[in-house]
Amino acid sequence: MANSKSFFLTFNHLTIYYLILLLLSQSPQIYSTCRTFCNNIPINYPFSIDDGCGAPQYRHMLNCSATDLFFLTPSGNYKVQSIDYEKQTMTIFDPSMSTCSILQPHHDFKMSEIQSAIIPPTPDTVFILVNCSIDSPVLNHYKSLCFNFSGHSCDELYGSCTSFKLFHLLSNSTPACCFTGYETVKYMSMDILDCTHYTSVYNTDRLEGVGPLDWLYGMKLSFSVPDTGCARCAKSGGTCGFDVETEMAQCICSSTSNSTRDCAGGREINFADSYRASSFPPLQLLYILPLVAISYSILLR
């Protein structure tokens, strides 16, 4: 009799253990929270440094290294200096770009089509084409692409910048330059423009009367935020993301989320309210608790 009772208890406990494992295995995956910082730069929607987070339009645009955050383009990786989510701007710097103090080899700046559409350089970012040939199209047929930049001139650029003085010394004159916008370098390479180097500065509306040595070198990009219902997801304690295969918007929930509407129990939902089963609903507990009670009562006999 004792052996049969012992066998029954063992079988009963194994059954309960099996049911618990079965119910847990059927619960959906609880995703880890998307990283929200790369070093000291906050990473918020629509950006991400983890695949499946943020907006799919910005997928694979950022890369976080041990020391820096980079904006990835077809022409290279650009160091992200800051992201202003309120003004929806990102400031980047091209390590291969010439500046007032450093002369770099010939280099083009190219963005993908989607980058040009959703995160282009701002109007107050000016591209400066340096050491241009007299045959350059921006000095002839397309000279209207060059404009006045806060009262600054080519003479001032070549006279103030250590790196660009070389062109003045070699030609014994002031080589042509051109202050222009992103559309110019978007459609024409440096070879077509017939200029040997370029540099870029931003916040140009604040640089009137400021010499080239104190210009802000780099580029400021203006990004748009897709309206996919992210505010509702964030309010529920989730993180806005997307399915890596279908790129359908989803609300990624952490295991600590307390919301019962959009992120209950750490589940994952899409923004179209297509809900999945919760990770451990109370109904499943109704099956387990009676079995535990029966097992305990038998054990006390």
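Read-outs throughout are calculated quantities, based only on the coordinates presented, and are distinct from any laboratory measurement. Given the structure is predicted, the values throughout are model-derived calculations rather than measurements. Every residue, glycine among them, receives a Cβ derived from its backbone with ideal geometry; neighbour counts consider all protein chains shown.
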For the range 224-234, in order, what is each residue's ³J(HN,Hα) by Karplus, 6.51 cos²θ - 1.76 cosθ + 1.60 with θ = phi - 60°, in whole Hz (x at glycine and Pro)? 9, 10, x, 8, 10, x, 5, 4, 5, 5, 4
Could the peptides 43-52, 171-180 be put in order, highest first, of the mean number of other beta-carbon atoms found within 10 Å of their residues? 43-52, 171-180
At N63 and K186, where each label point lies 7 Å from the Cα along Cα→Cβ, what is the point-to-point distance in nanometres? 2.5 nm
Could you work out how much longer the chain between V210 and T162 gets when fully extended? Use 0.36 nm per residue separation minus the Cα distance between them, nm to one decimal. 15.6 nm
Work out, step by step, the length gained on full extension between N172 and S96: first 0.36 nm times the residue separation, then minus their alpha carbon distance; give nm to one decimal. 24.7 nm
Can you list the residues, at least 5 places off or on another chain, whose amide H is less than 5 Å from the amide H of C38, using H built in the peptide plane? I43
Over 28 Å between C-alpha atoms is what I'm after, so list which of K87/K165; K165/K220; K87/K186; K143/K165; K143/K220 land there. K87/K165
Segment E245-D227, length gained on full extension (0.36 nm per residue, minus Cα span): 4.4 nm
May I ask for the net charge around T89, where only other residues with Cβ less than 15 Å from the Cβ of T89 are counted and Lys, Arg are +1 while Asp, Glu are -1? -1
